[in-house]
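Novice: Would you mind keeping the following structure in view while I ask a few things?
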Amino acid sequence: EDKVVQSPLSLVVHEGDTVTLNCSYEVTNFRSLLWYKQEKKAPTFLFMLTSSGIEKKSGRLSSILDKKELFSILNITATQTGDSAIYLCAVGAGAGKSTFGDGTTLTVKP
Amino acid sequence: NAGVTQTPKFRILKIGQSMTLQCTQDMNHNYMYWYRQDPGMGLKLIYYSVGAGITDKGEVPNGYNVSRSTTEDFPLRLELAAPSQTSVYFCASSSPIWTPGGELFFGEGSRLTVL
């Protein structure tokens, strides 16, 4: 059975802090790892990672994948209150299935 | 530019009733998915489809059925609703997940309460 585990489950920081969110996985026929941000409604896409060691970056957010150790991290620098959300990691497998972790709830206090 | 459209947005059911959540997408995606999300949890895959006429079970298929007669539509049927099916349901579609642009596009969600 495919498995995606995120840690920590929740995190409270202050504005300006840097955070690192973790995602480890065990899936058959790995194809891609995706990060999403979820506020009140549906998840919105952040990054797709398919190759090890290549950092994807968008503003203050960055992510990297390690296919040997089967994990990914999502970094957020200089956090803002608008970064408060649930961050979801999903792994895509060859049969077309996408399995999500339970998410990390990030709260950024002013 | 509609994307993925789900209906209804809210529904209250009595135990034992049945209903269908509708999902349609206009992006010509082959892959479609139904997820449920319970409070404080991630998304659990109910069923998915890799093309018209092809469906497969996900992690939590019991109590649900799907069909995929066209590329655009992927309805989810709840038979004999139970309180454990109280959740937010998301439909999603994508291109092949390993390709650039293969991320999931989500509908706005359907909040279902079973009393």
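The values are calculated or read from the model by the stated rules, or taken from the named source; none is laboratory data. Since we're looking at a predicted model, the values are computed, not measured. Using ideal geometry, Cβ is built from the backbone for each residue, glycine included, and neighbour counts are taken over all protein chains shown. Protein only, heavy atoms only, side chains kept; ligands, DNA and RNA dropped before computing areas. Shrake-Rupley method; radii C 1.70, N 1.55, O 1.52, S 1.80 Å.
Novice: Taking residue B:93 and the conditions (1) part of a loop (DSSP other than H, G, I, E, B); (2) modelled with pLDDT under 95, which numbered condition does it fall short on, given that it satisfies the others?
Specialist: It is condition (1) that residue B:93 fails.
Novice: Can you name the number of the only condition in (1) hydrophobic (A, V, I, L, M, F, W, C); (2) assigned to a strand (DSSP E or B); (3) out of contact with any Asp or Glu (no Cβ under 9 Å at 6 or more places or on another chain); (4) open to solvent by 30 Å² or more (accessible area, probe 1.4 Å) that residue B:50 fails?
Specialist: Result: residue B:50 passes all but (3).
Novice: Would you check which residues across the range B:97-115 are of a type outside the set (Val, Ile, Thr), buried (at least 17 other Cβ atoms within 10 Å of the Cβ) and part of a loop (DSSP other than H, G, I, E, B) and list them?
Specialist: Across the range B:97-115, the qualifying residues are B:102, B:103, B:104, B:107, B:109.
Novice: Residues to consider are A:36, A:25, A:87; find the one that is closer than 30 Å to residue B:55 by Cα and out of contact with any Lys or Arg (no Cβ under 9 Å at 6 or more places or on another chain). Lay out the reasoning, then the answer.
Specialist: Details: A:25 fails: out of contact with any Lys or Arg (no Cβ under 9 Å at 6 or more places or on another chain); A:87 fails: out of contact with any Lys or Arg (no Cβ under 9 Å at 6 or more places or on another chain).
After applying the criteria, what remains is A:36.
Novice: For the range B:77-90, state whether one or more residues are open to solvent by less than 40 Å² (accessible area, probe 1.4 Å), part of a strand (DSSP E or B), of a type outside the set (Ser, Thr, Tyr) and at the interface with chain A (Cβ under 8 Å from one of its Cβ atoms).
Specialist: yes
Novice: Please verify whether residue A:64 is free of Cβ contacts under 8 Å to residues at least 24 places away in the same chain and either open to solvent by 20 Å² or more (accessible area, probe 1.4 Å) or in a loop (DSSP other than H, G, I, E, B) (or both), treating the condition exactly as stated.
Specialist: Values: free of Cβ contacts under 8 Å to residues at least 24 places away in the same chain: yes; either open to solvent by 20 Å² or more (accessible area, probe 1.4 Å) or in a loop (DSSP other than H, G, I, E, B) (or both): yes.
Against the criterion (free of Cβ contacts under 8 Å to residues at least 24 places away in the same chain and either open to solvent by 20 Å² or more (accessible area, probe 1.4 Å) or in a loop (DSSP other than H, G, I, E, B) (or both)), residue A:64 qualifies.
Novice: Could you list, ordered by first residue, the pairs with Cβ atoms under 9 Å in which the first is in the range B:13-35 and open to solvent by 80 Å² or more (accessible area, probe 1.4 Å) and assigned to a strand (DSSP E or B) and the second is at pLDDT 95 or above and not hydroxyl-bearing (Ser, Thr, Tyr), at least 6 apart or interchain?
Specialist: Matching pairs, first to second residue: B:22/B:6; B:22/B:8; B:22/B:73; B:22/B:74; B:22/B:75; B:22/B:76; B:22/B:91.
Novice: For residues in the range B:1-12 being at pLDDT 95 or above and touching an Asp or Glu at 6+ places or on another chain (Cβ under 7 Å), which is least open to solvent (accessible area, probe 1.4 Å)?
Specialist: The extreme case among them is B:6.
Novice: Could you look through the range B:8-46, keep only residues that are of a type in the set (Phe, Trp, Tyr) and more than 10 Å from chain A (Cβ to nearest Cβ), and pick out the one that is farthest from residue A:103 (Cα to Cα)?
Specialist: Ranking the qualifying residues of the range B:8-46, first place goes to B:10.
Novice: Which condition does residue A:53 not pass, out of (1) on the phi < 0 side of the Ramachandran plot; (2) modelled with pLDDT under 95; (3) not acidic (Asp, Glu), if it passes all the others?
Specialist: For residue A:53, the failing item is (1).
This table checks each residue for (1) open to solvent by less than 40 Å² (accessible area, probe 1.4 Å); (2) among the hydroxyl-bearing types (Ser, Thr, Tyr); (3) without any contact (Cβ under 8 Å) to a residue 12 or more places away in the chain.
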site	(1), (2), (3)
A:11	no, no, no
A:27	yes, no, no
A:38	yes, no, no
A:49	yes, no, no
A:56	no, no, yes
A:71	no, no, no
A:93	yes, no, no
